[in-house]
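Heads up, the thing below is written out as structure tokens.
A short reminder: the numbers here are calculations on the coordinates, not readings from a lab. It should be emphasised that the depicted structure is a prediction, and the values quoted were computed from it without experimental measurement. Note: ideal-geometry Cβ built from the backbone for every residue, glycine included; neighbour counts use all protein chains shown.
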Amino acid sequence: MTVDHMPSNASTYLLGHADVEVRRLMLQAQLYDSYTEHALRLAGLRPGMRVLDVGCGPGDVSFVAARLVGSTGAVLGVDAEADILDLARTRAADHGFSTVRFQQTTVGDLALDQPVDAVIGRLILMHLPDPVESLRQLAGLVRPGGIVAFSEFDMTGARGVPEAPLWLSARDTIIETFTSMGLDATFAVTLPALFKRAGLSTPQLALGAPIGGPDHAELIAFVVETLQSLRPARDRLGLATREEFTDADALRTLLREELATTGALATTPALITAWSRV
């Protein structure tokens with residue numbers, strides 16, 4: 001698969017790719033890759049397929065796809081940021097993913113020399129200026145009968161049971177930040193409508209959400225790292241931040257203690273995947 005470059009409609013990723021955001025993306029992959037893999041299996045990814053991963057970042061979803069399509073398949077990951085693609089290439093080499101390539105381009109600039117069997121993406125549509133038009137364009141890169149599959153968050157799905165006030169406050173702070181940046185914290189639930197408006201058939205859906213208690217270190221770390229990654233945006237937006245959320249190490253301890261004291265099971269945002277055939 002090769003990519004041609006045309007005059008672009010730039011797309012933006014408002015969280016940037018500073019070191020703290022890259023760490024958060026790595027934690028996110030640890031928590032959500034298994035749910036992504038399950039959904040892509042249900043969607044129909046099989047050995048031998050040629051797959052386009054849009055907004056690939058450091059490459060985790062591309063690697064999930066590569067495992068599903070095997071040595072006879074191929075994956076092209078595309079992202080607008082050159083630095084994050086350098087990391088993706090290094091990780092692919094380190095893990096022996098010889099069937100995965102990465103290329104810098106925006107969605108608006110994307111054109112392939114031949115159709116793919118599937119186009120996929122995780123947590124990218126919500127960052128695009130016109131997700132319906134992007135879906136329509138991306139579906140046009142897929143062969144007839146091929147797959148369009150995208151995963152997004154419903155952030156309101158994060159909760160603690162029994163109620164864990166600090167955990168819920170962290171969730172609400174994250175939601176406030178995304179909303180203030182003009183992003184939809186419940187974007188995932190709009191996927192069926194977006195697919196239909198883009199001319200795709202009504203999608204099938206799958207949902208996955210990590211859940212755990214005080215001993216689930218990655219779950220707690222993901223919340224902490226997300227709050228740290230969002231701090232520059234909150235400062236730019238003039239949003240006040242709770243004192244407990246300013247010290248990452250202390251916050252890890254506080255969240256762990258809260259879950260232990262309340263006996264709560266906590267979840268992070270629900271990842272909803274929608275897919276349909278072209």
Size-normalised alpha-carbon gyration radius of the chain, reference 2.2 N^0.38 Å: 1.00
Calculated [θ] (222 nm, deg cm²/dmol) that DSSP helices of n ≥ 4 give over the chain, each run adding -39,500 (n - 2.57): -13500 deg cm²/dmol
Peptide ranges 195-204, 141-150 listed from the most packed, as the mean C-beta count within 10 angstrom indicates: 141-150, 195-204
Proportion of all alpha-carbon pairs of the stretch 109-214 beyond 24 Å (%): 36
Per-residue Cβ neighbour rank within 10 angstrom, fewest leading, Val64, Val69: Val69, Val64
Extension gain from Ala248 to Asp33, taking 0.36 nm per residue of separation minus the Cα-Cα distance: 75.0 nm
Extended-chain gain in nm, criterion 0.36 nm per residue less alpha-carbon gap, Leu239 and Arg67: 57.7 nm
Net charge of Cβ neighbours under 14 Å - reference Thr173; Lys, Arg +1; Asp, Glu -1: -2
In range of the label at Leu183: residues from the stretch 27-49 whose backbone nitrogen is under 20 Å from the point 7 Å along Cα→Cβ: 27-36
